[in-house]
Amino acid sequence: MKKTSSKRVAWVGLIAMVVATLPASIQGAADESTRPNVLLIMADDLGYGDLSGYGGKDVKTPHLDGLMAEGMRFSEFYANCCVCSPTRAALLSGRYPELVGIPGVVRSYRSGNFGFLTPESIMLPGLFQKAGYHTTLVGMWHLGLSEANRPNQRGFDEFHGFLGDMMEDYWTHRRHGKNYMRKNEAEIDPAGHATDLFTRWAIESIRQRAGSGKPWFQFLSYNAPHSPVQPPKDWLAKVVAREPGITDKRAKLVALVEHMDDGIGKVLEALKQSGQFDNTLVIFTSDNGGSLPHGASNGPLRSGKTHIYEGGIKVPTFIRWPGHVGSGKKTDFQALTMDILPTVADICAVPINHEVDGRSFRKLLLKNDQQPFARPVYHMWLQDGTKEAMRQGDWKLVRDQKGAAFELYNIAQDPYEKVDLANKHPEKLQAMAQLLTAHMQRANQVPWKKPAR
């Protein structure tokens, strides 16, 4: 029998002791096969009432409904902002967007631009990249055109999509006459409807990653159903035939949503065919509430996009991971877009060694048992003045117009914000306003304008 040296035994014991002190998620991090892939799908301007699984009566979304039925459906999930860029910044930074330089919409022209990602901002794709994940963005970026703030410079190994802000046409993919379609840094000019292109590129990336032995993170960022509302003609015809009496505006919006749902179904099928379905954590959400002027529905919620009432910030959200997140689960746990980063990092054993504002709801997903976050949360939007809101427990403070008086609502008792309690509870209003003011003062210290050359 071979003799084992006492020195080697001591080293083995020391290593075992160190490993035993590590969190379980970190212990397993070295084994790539135990870490899930992550497919994070974000719609643009999808209303709370624009999926049949969230009560939409005139819309059919079988693939997304099936996805939510196989996972956990949130009834109290909130976008960080009532418009696009800030929520996307919150998603990718895990921070309040106004603290990473994105308090408003990032535009492709300087005069209407209200954001510039701070150079020191640490982004989700970079974190996952360093932890051994392959990172991909398919679809909209909407966080800046400058070289330092493009997807590949912010941690995405692969970018296949639209670099600018909104498309002015789903078929020609232009903004102010410029082509912002890119494959990494190269300009491309593909033919086809943007939703179909993003679906196809997402599928191509998923198939390429199959069998690589390396986990991947894909951010599939659709521009649907954002205006201009341009569904393919055959999808519109189906809706009109099925829904007698539907308005033209609503029919186009519904058709655009259903066309996106079909694309997502194809992406999910690609996961199945490539053998990656069961080991892929799938998250679906929207960047803000639906745009009422363009035919969206936020159900019974008050108002919509560009407003910080519930219809502008409460969004349909659900998460699926077979064998880990129980199927058919519904939760009224309150979470925000910025909580997604720390949650997926927690699940995937991706270390976070810097300040984030979001919190992990991993226990909720994996054990269906987590105490509510005891924290105030803030929503703001800068556009020639600010709109601000704050939620603390059941109470919500709102200032939806520049210079207006604060409104106060108890969301548990009044989820549709019909009864302003500002005069009835002045002490509560004052205490919340002080916290909100402090947050705004902190936000105002963060530069958001692009540095002059």
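One residue alone among LYS402, LYS387, LYS450, LYS363 is modelled with pLDDT under 95, surrounded by 13 or more Cβ atoms within 10 Å (Cβ to Cβ) and on the phi < 0 side of the Ramachandran plot, and that residue is LYS450.
Number of residues in segment 78-126 that are at pLDDT below 95 and outside any loop (DSSP other than H, G, I, E, B): the value is 3. Does any residue of segment 156-169 turn out to be within 22 Å of LEU39 (Cα to Cα), touching a helix residue (DSSP H, G or I) at 6+ places or on another chain (Cβ under 6 Å), in the same structural domain as THR195 (by TED's automatic domain parsing) and assigned to a strand (DSSP E or B)? The answer is yes, given that some residue of segment 156-169 is within 22 Å of LEU39 (Cα to Cα), touching a helix residue (DSSP H, G or I) at 6+ places or on another chain (Cβ under 6 Å), in the same structural domain as THR195 (by TED's automatic domain parsing) and assigned to a strand (DSSP E or B).
Within the option set SER212, SER221, being assigned by TED's automatic domain parsing to the domain that holds ILE283 and over 26 Å from the mean Cα position of the chain (by Cα) holds for one residue only, SER212.
Would you point out the residue of segment 331-342, among those that are outside any loop (DSSP other than H, G, I, E, B) and touching a Phe, Trp or Tyr at 6+ places or on another chain (Cβ under 8 Å), that is surrounded by the fewest Cβ atoms within 10 Å (Cβ to Cβ)? The extreme case among them is THR331. Identify all residues within segment 208-231 that are assigned to a loop (DSSP other than H, G, I, E, B), surrounded by 14 or more Cβ atoms within 10 Å (Cβ to Cβ) and in contact with a strand residue (DSSP E or B) (Cβ under 6 Å, 6 or more places away or on another chain); write none if there are none. Across segment 208-231, the qualifying residues are PRO215, TYR222, ASN223. Meeting the requirement of 2 or more residues that are charged (D, E, K, R), the strands (runs of 3 or more DSSP E) wholly within segment 356-452 are 386-392, 395-399.
Are any of the residues in segment 302-316 assigned by TED's automatic domain parsing to the domain that holds GLY213, out of contact with any Leu (no Cβ under 9 Å at 6 or more places or on another chain) and more than 23 Å from GLU388 (Cβ to Cβ)? No, segment 302-316 contains no residue that is assigned by TED's automatic domain parsing to the domain that holds GLY213, out of contact with any Leu (no Cβ under 9 Å at 6 or more places or on another chain) and more than 23 Å from GLU388 (Cβ to Cβ). Scoring ASP369 on the criteria (1) farther than 30 Å from ARG250 by Cα; (2) modelled with pLDDT of 95 or more; (3) not aromatic (Phe, Trp, Tyr) leaves a single failure, condition (2). Could you tell me whether LYS305 is among the charged types (D, E, K, R) and part of a loop (DSSP other than H, G, I, E, B)? Against the criterion (among the charged types (D, E, K, R) and part of a loop (DSSP other than H, G, I, E, B)), LYS305 qualifies.
The values are calculated or read from the model by the stated rules, or taken from the named source; none is laboratory data. The model shown is predicted, which means the values in this text are computed figures rather than measured ones. As a convention, Cβ positions derive from the backbone with ideal geometry for all residues, glycine included, and neighbour counts pool all protein chains shown.
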